[in-house]
Amino acid sequence: MTGTDGAAVPVPEGQIDTDYTIGQDNIEGSVGPIGFDIHNPVFLISAVSVVAFVAFALALPETAGTLFGALFSGVTTGFDWFFLGAADIFVILCLVLILSPYGSIRLGGREARPDFSYPAWFSMLFAAGMGIGLMFYGVSEPLSHFGSSLGGASVGADGIRTDWAPLGAAGSQEEAIRLGMAASIFHWALHPWAIYAIVALSLALFSYNKGLPLTIRSAFYPVFGERVWGWPGHVIDILAVFATLFGLATSLGLGAAQANAGFHKLFGVPVGPVPQVILICGITAIALFSVVRGLEAGVKLLSEINMGLAFVLLAFVLLAGPTLFLLTDIGDYLLAYLQYLPALSNPVGREDVNFAQGWTSFYWAWWISWSPFVGMFIARVSRGRTVREFLVSVLLIPSLVCVVWMSIFGGTAISQVVRDGYAGAQSAELPLQLFAMLDALPLASVTSFIGIVLVIVFFVTSSDSGSLVIDTITSGGKVDAPVPQRVFWCLFEGVIAIVLLLSAGGLKSLQSMVISTGLPFTVVLLVMCIAIWRGLASEPR
């Protein structure tokens, strides 16, 4: 290994001996006062491809919408078994590593100590990993699965089920509640966090313990050797950039739609593409300010503010809603999740095709497309943790938080339908269901405004940390690249969300692109599992 001055230095115990130095393939320079330090060819190919995509979607929106719809249908229908099976592998590997002797290995070496406290660490990883999605689906998804389960199974003339109920639907109202909540928790608990944990662990291990750049390709050194610095690595990093951009764009589109619905309810702002575009522009501007402030002053501060507000809203709904029922039902919902987990995660022979393809396949592709961004972000803030501590924290604690969140928000909405006869949330449009649920509780205007603020700040946090990660990948693993590069990626996240919202497919176009980019990156993650095992096996203990 060579130092920054080109002289040979001893290789520390456990580190990989490579001639590669961070930034050796980079192009450095400036255009006027704007400096740049970009990896060649990862930045150039990624940037040009993104600009070409935006131009295509703007010039031919109808063609783009048709193409995006065909991609969504083809991938979810033909590869649902692949997404479900891969996600199961990620969960199993995480559990095996927690129980194995490898769990005692410390990320960063034996003497490394954590950079952040537990509260700060949990706030950052949770805000980056789940924020906008939980706000958007926390009420709507349990209501949807409850309604479809209660409606029962229906079969078309071709023998294929036409309903959207999970598994075999439900025979009673009580069973429909348990199955609906179990299906909702399934999409937000162990499996998505295992996806994030695999990427984060591989990046932390090969960067902090093996001395390689903090970029996706580094995890594949045990597979490709020195070739990872060539085209195999270029392709992996470019796929990671695409997956991250479209994963973020989908979340930004959901956030804009929900914030627009909230502003319409509170202030009468019209609902439609124009207000949503204005929202994306405004929130992207706030994200740019946070990007310039950096990790400590930007993402960390916003994450802690968001977690505080989220806890306040969660506590309010618990106390103002059917408190006794919610407190007793949380445990039952968790047991229902564990009861139905084997059947829900089964990748083959499923009869509930609409649920498995339209819900689960989309979710797993969405989480996988987010995994480069969330995984690298978690890796950056997780130095000093043992593998066991890391996996338990990343896998189990956020999963339990998601169980509580879904149980309280979704459980309150279902209780309003079943026990109170209030169907306002159930009959509302998807982005408005959170606010319709809050309408039936005291201080609805105040809590709805808090909900809007949460959506916006989650939006900003995701955009900020996503820009940071994409910039790290496209600058060859450098974590101190010029700020204008992060500004460039932050702007293009917003541009992609706007373009896809304005294309013929709207939100469906966002979902189509996240599915399409998630498919090839699933293969990357499966190979990454092999690399993690080899990397841990070679680590001194």
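What to note about this one:
- Structure-based [θ]222 nm, the chain - -39500 (n - 2.57) summed over DSSP H runs of at least 4, per residue, nearest 500: -23000 deg cm²/dmol
- Each of the peptides 381-394, 416-429, 459-472 was scored by the mean count of other Cβ atoms within 10 Å over its residues; in descending order, highest first, they stand as 459-472, 381-394, 416-429.
- When the charge dipole of the chain is built from unit charges on Cβ atoms (+1 for Lys and Arg, -1 for Asp and Glu) and taken about the Cα centre, the candidate among Phe435, Leu468, Gly255 whose Cα reaches farthest toward its positive end is Leu468.
- Formal net charge of residues neighbouring Ser46 (Cβ-Cβ distance under 13 Å; K, R +1; D, E -1): -3
- Distance from region 130-202 to region 356-407 (C-alpha centre basis), Å: 18
- 0 to 90° range, to nearest 10: angle between helix 231-267 axis and the chain longest Cα axis: 30
- Nearest-20 debye value, region 429-533 charge dipole, Cβ charges on Lys, Arg, Asp, Glu: 200
- In region 98-234, a dipole from Cβ-located charges (positive for Lys and Arg, negative for Asp and Glu) runs towards its positive end, and of Ser154, Tyr208, Met135 it is Tyr208 whose Cα lies farthest in that direction.
- Counting only aspartates and glutamates at least 8 places from Lys265 when in the same chain, those with an alpha carbon closer than 14 Å to its own are Glu429, Asp439.
- Computed from point charges on the beta carbon alone (+1 for Lys and Arg, -1 for Asp and Glu), the dipole magnitude for region 358-507 about its Cα centre is near 480 Debye.
- Region 421-485 shape via C-alpha gyration tensor axes, a/c threshold 1.5: prolate
- Percentage relative contact order, the chain, counting C-alpha pairs under 8 Å, at least six apart: 34
- Counting only Cβ charges, +1 for Lys and Arg and -1 for Asp and Glu, the dipole size of the chain around its Cα centre is about 460 debye.
- Descending by average beta-carbon neighbour count within 10 Å, the peptides 101-108, 208-215 line up as 208-215, 101-108, the highest first.
- Rounded if a/c under 1.5, otherwise prolate or oblate - region 220-262, Cα gyration tensor axes: prolate
- For the peptides 243-253, 443-453, the ranking by mean Cβ contacts within 10 Å, running from highest to lowest, is 243-253, 443-453.
- Degrees between helix 190-204 axis and first principal axis of the chain (Cα, 0 to 90, nearest 10): 10
- Global form of region 451-511, assessed from the alpha-carbon gyration tensor, a/c cut-off 1.5: oblate
- Farthest toward the positive end of the dipole of region 47-126, out of Leu58, Cys94, Leu84, is the Cα of Cys94, where the dipole comes from beta carbon charges about the Cα centre.
Since every read-out is calculated from the coordinates, none of them should be taken as a lab result. Predicted, not measured: the structure shown is a model, and the values here were computed from it. Ideal geometry is used to build each Cβ from the backbone, glycine not excepted, and the neighbour counts take in all protein chains shown.
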